[in-house]
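Heads up: the structure comes next, in structure tokens.
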Amino acid sequence: MALFLGAFGASFFFFAIALLLVKGGNAVQAPDLGNPQVLAGQKFVQAAWTIILFGLPSLVYALATFRERPLQELGFRPAKMVSFYILAIVLLAVATPLEGWLGMLNRRIPLPGSLVDLERTTDRQVMAYLKLRSPLDIVINLLIMAVLPAIFEELCFRGVVQRILIQAFGHPWGGIIVAAALFSAFHMQFQGFLPRMMLGILLGAAYWYSGSLWTSIFAHMFYNGIQVIIASYYPKMIDDNPSVPALLGVGSLLLVVGLVGLMRRQSTVSYDEVYGLRADDLFEDKGNS
């Protein structure tokens, strides 16, 4: 964890320095997102931020930790069963009413005005990103807001952070839940903390039971992609907070629990399989030395 946090902090620092060198004093000023050139630059910065901040420290951790097949150790391998890819996508789809209900609950929690203002600023930035000026914009938006976050956020929070925390807790669900809480908190949008944490838990469970990071990546990508497409053609969705009946939320919860249970029954992944052999190798190395 210390190795990963050190790499993460270094990536953040060097990205901030690079941004200051490129933009100078403008780096701390609110960008004019009505200017197409400024908006294009902001989208490039957003893409670079996602790759560098989440991808680079994860790669450093993998190369320093695993002697063989570092990316496979972080989950870049086929799922135990092909059906897990479909189950993960369906899992997030049926969780949508539950997400909405948790969002309603979350908005009743009082938050400092500074956090609310920050979230409103983020919403305005997202609305500017999603404004379509040409057919190519939807492709660029899907890349920046669906594809890249799905790959690099899953690599960071599920591939690395969840792996470390599961080993620390000695049990998968402790690591899955705490990693999901960190995943949600890092977005700095606390009016949506609970629903985003719930999605993080489901993505973590999909990864753990399937044994493949591609499972959570595809589900994350599908979920974000649908939201980007809908919000691009219906921008009011960003500000709308529709009321979700409690009965619909309960039904969604039951479906979610049922699908996670189905994944668990079909899974052959175990804690000993992922961590046990690694520990044996470590003790063997110590004995030989």
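Only the coordinates and a few stated rules stand behind these numbers; no lab work does. As the structure is a computational prediction, the values presented were derived from the model and not from experiment. Cβ: placed from backbone, ideal geometry, glycine included. Neighbour counts: every protein chain shown.
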**Choice from Val256, Val116, Val94 with maximal GNM fluctuation in the chain (Cα, 10 Å cutoff)** = Val116
**Charged-residue dipole, Cβ positions (Lys, Arg, Asp, Glu), the chain about Cα centre, Debye nearest 20** = 360 debye
**Item:** GNM flexibility winner over the chain from Phe54, Phe14, Phe152 (Cα, springs under 10 Å)
**Value:** Phe14
**Request:** Multiply the residue gap between Leu247 and Arg133 by 0.36 nm, knock off their C-alpha separation, and tell me the result in nm, one decimal place.
**Result:** 37.0 nm
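Give me the extension gain from Ala93 to Arg107: residue separation times 0.36 nm, minus the current Cα-Cα distance, reported in nm with one decimal.
Gain on stretching Ala93 to Arg107: 2.9 nm.
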**Item:** Shape category assigned to region 96-181 from the gyration tensor of Cα positions, a/c cut at 1.5
**Value:** oblate
**Prompt:** If you take the square roots of the eigenvalues of the alpha-carbon gyration tensor of region 9-148 and sort them as a ≥ b ≥ c, do you get rounded (a/c under 1.5), prolate (a/b over b/c) or oblate?
**Reply:** oblate
**Prompt:** For Met188 and Asp123 in one chain, what is 0.36 nm times their gap in residues minus the Cα-Cα distance, to one decimal in nm?
**Reply:** 22.2 nm
**Fill in**
Expressed as a whole-number percentage, the relative contact order of region 76-278 with C-alpha contacts under 8 angstrom and at least six residues apart is 40 percent
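Pull out a ≥ b ≥ c, the square roots of the eigenvalues of the alpha-carbon gyration tensor of region 76-278, then state rounded if a/c is under 1.5, prolate if not and a/b is larger than b/c, and oblate in the remaining case. The partial results should precede the final answer.
Numbers: a/c = 1.67, a/b = 1.49, b/c = 1.12.
Prolate shape, in that a/c is at least 1.5 and a/b is the bigger ratio.
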**Fill in**
Helix-only [θ] at 222 nm, the chain, -39500 (n - 2.57) per DSSP H run of 4+, per residue, nearest 500, equals -22000 deg cm²/dmol
**Mean separation of Cα contacts under 8 Å (6+ apart) over length of region 103-206, as relative contact order %** = 32 percent
**Complete:** Connecting every pair of Cα atoms under 10 Å apart in the chain and solving the GNM, the largest mean-square fluctuation among Leu199, Leu39, Leu213 falls on Leu39
